[in-house]
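The values are calculated or read from the model by the stated rules, or taken from the named source; none is laboratory data. This structure is a prediction, so every number in the text was calculated from the model and none was measured. Here Cβ is always computed from backbone atoms with ideal geometry, including for glycine, and neighbour counts include all displayed protein chains. In case anyone asks, the SASA skips ligands and DNA or RNA and just uses the protein heavy atoms, side chains included. Shrake-Rupley method; radii C 1.70, N 1.55, O 1.52, S 1.80 Å.
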Amino acid sequence: MQQLVDVLGGTFHMGSDTAYPEEAPRHERGVNRFQIGFAPVTNFEFGRFVVATGYKSTAEKKLEEEVARGLTEELRAPGSVVFTPPPYGVDVVEGAWWSFVRGACWYAPLGPNSSIIEKPDHPVVHVSLLDAMAYCEWAGVRLPTEVEWEFAARSGIDSDGEYSWGSELSPAGQMMANHWRGEFPSRPDPENLAGTSVVGTFPPNELGLVDMIGNVWEWTSTEFIEGHVHHSCCGNNSATEDPFNQGGRLMVLKGGSFLCATNYCSRYRPAARIPQPSYFSTSHIGFRVAATIG
C-alpha cells in the first residue's frame with residue numbers, strides 16, 4: 001500500500017469561471033481532514049492486488065448487454081480503448097485517434113502483444129471505476145471525492161491559480177506535468193512523452209503529491225453534473241445520464257492526462273473535470289486512493 005498524505009482540510013474556491021463551462025461556477029467549498037495517495041496507483045501495486053485476489057478487470061471480460069445497451073457486440077468484447085496517434089502532420093477528424101482494441105487491458109495496455117514488465121512504476125491504466133473500487137475495498141481505502149481531489153491538487157490552500165503551481169511553467173521554466181507538448185494529435189514536439197511516465201517524474205505540489213496534473217485522468221467517487229451546483233436538502237436532478245447504460249450515471253474524472261494539450265483539451269488544471277461511464281476504460285485513465293480520518 002502506497003504512502004497516504006494528510007490533508008488538513010479547510011475552505012477553498014472550487015471550479016473556474018474562465019475555462020470550460022462544466023467547471024463553473026467558481027464557488028467556496030469546505031473540506032474535512034482526509035488522506036490521499038501521494039501518487040496514482042501503479043502497475044506494480046495493482047498487480048499485487050490481482051495476484052492476491054485473482055481479480056479480473058472490466059476490460060478482461062465481455063460486457064453484459066444490460067450493462068451497456070448502447071454498445072455494439074464488438075465494443076462489448078473483452079478489450080479497451082487505446083490512443084492511436086495519426087502519422088506526423090496528418091490531420092484527422094476529431095476522435096479518430098481512439099481505437100477499441102481487443103485484448104487491451106491493464107497488463108497489456110496497447111493490446112495482446114504489449115506488456116507492462118518495464119513499467120512497474122507507471123500509473124495503472126485501462127481501469128474502470130468498478131476496478132478502482134475493487135482495489136480500494138481490498139486495500140481498505142476509498143476513492144477521493146471531487147472536492148477532496150481538487151483541494152489536494154491545489155495543495156490544500158485557497159488558490160486562484162489555473163495550475164497547481166500557479167502557471168503552466170515553473171519560475172525556472174521547467175515543465176511541471178506530463179501533458180502533450182506540441183500540437184495535438186499529430187504534431188508533437190520532440191520532447192513529448194506520448195504516453196504515461198513513471199510516477200513522480202515531475203515535481204510534487206506543496207503537499208508532496210505527484211502527478212495530480214497530467215499523466216492519467218483519475219476516477220473520483222462523485223457523480224458528474226453539467227457544472228457545479230450547491231447541494232441542498234432537496235437535492236438536484238441535473239446529473240447527466242450515461243447514454244450507454246440506460247439509467248446509469250457518469251462519474252467525474254480529474255487531473256487531465258498525457259494527451260491534454262494547449263491547443264486541444266487543455267484540462268491539465270485542478271478545476272478541470274470530465275464525465276466517464278463507470279464501466280469504461282482507456283489507456284489514459286487511472287486512479288489514486290483516499291482515506292477518511294476520524
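For the chain, the gyration tensor built on C-alpha atoms gives a rounded shape. Its axis ratio a/c (a ≥ b ≥ c) stays under 1.5. Summed over the residues of the chain and divided among them, the accessible surface reaches 45 Å² per residue at a probe radius of 1.4 Å. Applying a DSSP loop filter and a limit of 15 other Cβ atoms within 10 Å to the GluC sites (Glu not before Pro) in the stretch 1-104 leaves 64, 65, 66, 73, 94. Ligands, DNA and RNA left out, the 1.4 Å accessible surface of the stretch 41-168 is 55% carbon and sulfur atoms. Our summary gives the chain a relative contact order of 26 percent, counting only alpha carbon pairs under 8 angstrom and 6 or more residues apart. Each label point was placed 7 Å from the Cα along the Cα-to-Cβ direction; for residue 115 and residue 264 their separation is 3.2 nm. Enter the Cα centre distance for the pair the stretch 171-225 and the stretch 268-283, rounded to the nearest angstrom. Measuring centre to centre over Cα atoms gives 14 Å.
A cut-off of 5 Å between modelled amide H atoms, ignoring neighbours fewer than 5 places along the same chain, links residue 228 with 24. Each 5 Å bin from zero holds the following percent of Cα-Cα pairs in the stretch 1-58: 4, 15, 13, 12, 14, 14, 13, 11, 4, 0.
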